[in-house]
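None of the figures in this text is laboratory data; all of them are computed from the coordinates on show. These figures come from a predicted structure and were not determined experimentally. Here the Cβ positions follow ideal geometry from the backbone for every residue, glycine too, while neighbour counts run over all protein chains shown.
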Amino acid sequence: MTEFQLGFAPAGQRKDNLVRFLRKHGVSDGELLEAGLAIKSPHPALPRERGRDEAGEELWDRFRQRIMIPIHDEHGELVAFGGRVIDDTAQPKYLNTSQTALYDKGRTLFNLHRARKSIHEMKHAVLMEGYFDAITAWQANVTNVVATSGTALSDHQVRLLKRETQELVLAFDRDDAGLNATQRAIELASKSGIYIKVVRVPQGKDPDDYLRANPDGWATLREHALPEWEYLLRQVLGTLDLTDASDRRRGAELVIPVLAKIPEASVLEIYAQQAAGWLRIEPAAVLRDIQVLKSGKSPHPGPPPRAGEGNGFRGATFASKAPSLPSPASGGGEFLAGAGGAKDEGYLLGLLIERPDLVPEVASALREVNFSSAAYEQVFARLQQMIEGDATARPTDRLSEFTPEEQGLISAVAMTRYPELDSGSEAALRQSLEQSLQTLKINASQRRLKALVAEMRAVRASGDESRLVALMQENDRLARELDTLKAVRYGSG
């Protein structure tokens, strides 16, 4: 970390170690205060003595018992310091130089002078929240990283970034403050025409934690970053069950304010279509409701939102010819992972939609599976064909290549949250893939046994003894096979 010139400000027995040192080297009290290196003691003024300024006020070091991070402007000139406590129970955790003639947090991007060359080479900048997020990222070879010093992105910082690049990758914390900062950054930067993607750090971690534990993990995060408006749409829809009509209505209410903030008409239409596909409503209806909101007219009346949902816009009209999903009777009613968490073909489809790079690994197993409906069989076959033709394809970006029924399946599972993906654990993800394939085999065997029972009844009534014996033998074989599959999937106990 030598390039970051980190230091330490000790506490010592006195509170004015730096003040006394700099005075000895000719720095005046006024300059100490103006540079943000000293603060006035809260004690009442006393007659001037050593350690006091001309007004008789005692000066203390601004930074004590903190790791010190030098902050430079875009030209590489030292303008301020940031200090982080050693003991996390101390507050504030981070302390910056106060605003000075040289330093304004909203007009400075940490590490920009070092990252500029890499930003130009890679044609995008990575924006993080804090100094140590950026320092850890730099150590993980993310050399195009800058940070906002823990503050919300400002207009001036956007202008600084736009001088260097037209693409920005956001990697903020997953807590409420980080989510709010991400939303503000998207809304602000999009007005400047910067193309934005959002990295989704696994739940419960911030970029610093993740990259410390996974120094080679940035490439995976970057590969699965989402375009800004898709990210925001997924955020508002992520807790809803989009197979349920009332949740789809709430979803329609929640996406309208997000879409209304998209400045470009062409981009707005793209994401209105995407949201409409997830919700299984007409894109034209979504666009109409956006215009209603922008005009300031009263939205269509509707029931109040559930607690915690806020005041979403109401009124997106549901399509009369939305693609239908398989009914429970056809075996497709279990497809959404949120409905009981069953790791079946719907769960498998959702994992592969999010991680299409894994499709080739399960292709041979998929060819041996008997699916619950023709729709599932077709969507998996088409997914394999798509990835064979383009290994980098994102199915959710190419929904038009699927039939309306297939689009309904993909849109529903694409909005489900999968713990394996949030955790970032490849082992957990591959275990879930295997469990889903095992569940598919179990379900197929159970369907075949159910059909055999019905067939045996019919054959018994017809008096065809030889056929009945053959069916009974097949029934016994399938029952043993099912027991073996269940023992593998759920354990023999």
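Things worth noting here:
- Cα-only Debye scattering, the range 144-220: base-10 log of I(q)/I(0) at q = 0.20, 0.22, 0.26 Å⁻¹: -0.91, -1.06, -1.33
- Cα-only Debye scattering, the range 62-127: base-10 log of I(q)/I(0) at q = 0.12, 0.24, 0.27 Å⁻¹: -0.38, -1.00, -1.11
- Surface/4 estimate of mean projected area, convex hull on alpha-carbon atoms of the chain, nm²: 32.8 nm²
- Remark: relative contact order (the chain) = 8 percent; criterion is Cα-Cα distance under 8 angstrom and separation of 6 or more residues.
- Evaluated at q = 0.20, 0.21 Å⁻¹, the base-10 log of the normalised Debye intensity for the range 350-493, with identical point scatterers placed on the Cα atoms, takes the values -1.22, -1.29.
- Computed [θ] at 222 nm, deg cm²/dmol, the chain (DSSP H ≥ 4; -39,500 (n - 2.57); rounded to nearest 500): -15000 deg cm²/dmol
- Peptides 8-20, 114-126 ordered by average Cβ neighbours within 10 Å, highest first: 114-126, 8-20
- Bridging of Lys450 to lysines at a Cα separation below 26 Å is possible for Lys343, Lys441, Lys486, once same-chain residues fewer than 8 apart are set aside.
- Ellipsoid fit via the Cα gyration tensor, the range 128-187: semi-axes of 17, 16, 9 Å, each the root of five times an eigenvalue, largest first.
- Cα principal axis extents for the range 10-160, largest first, Å: 59, 32, 27
- Remark on the range 227-289: hydrodynamic radius 11.4 angstrom, per the Kirkwood mean of 1/r across alpha carbon pairs.
- Relative packing of peptides 177-188, 355-366, 251-262 - highest average C-beta neighbours within 10 Å first: 251-262, 177-188, 355-366
- Within a straight-line Cα-Cα reach of under 27 Å, Lys24 can be paired with the following lysines, leaving aside sequence neighbours fewer than 8 residues apart in one chain: Lys15, Lys40.
- nm² value of the averaged projected area, convex hull over the Cα atoms of the range 364-418: 4.3 nm²
- Packing here is the average count of other Cβ atoms within 10 Å per residue, and on that basis the peptides 169-175, 221-227, 82-88, highest first, run 169-175, 221-227, 82-88.
- For the chain, the longest principal axis of the C-alpha atoms and the axis of helix 345-354 are separated by about 40°.
- Straight-line cross-link reach from Lys162 at under 17 Å between alpha-carbon atoms covers these lysines, not counting any fewer than eight positions away in the same chain: Lys117, Lys123, Lys191, Lys197.
- Compactness relative to 2.2 N^0.38 Å, alpha carbon Rg of the range 175-259: 1.24
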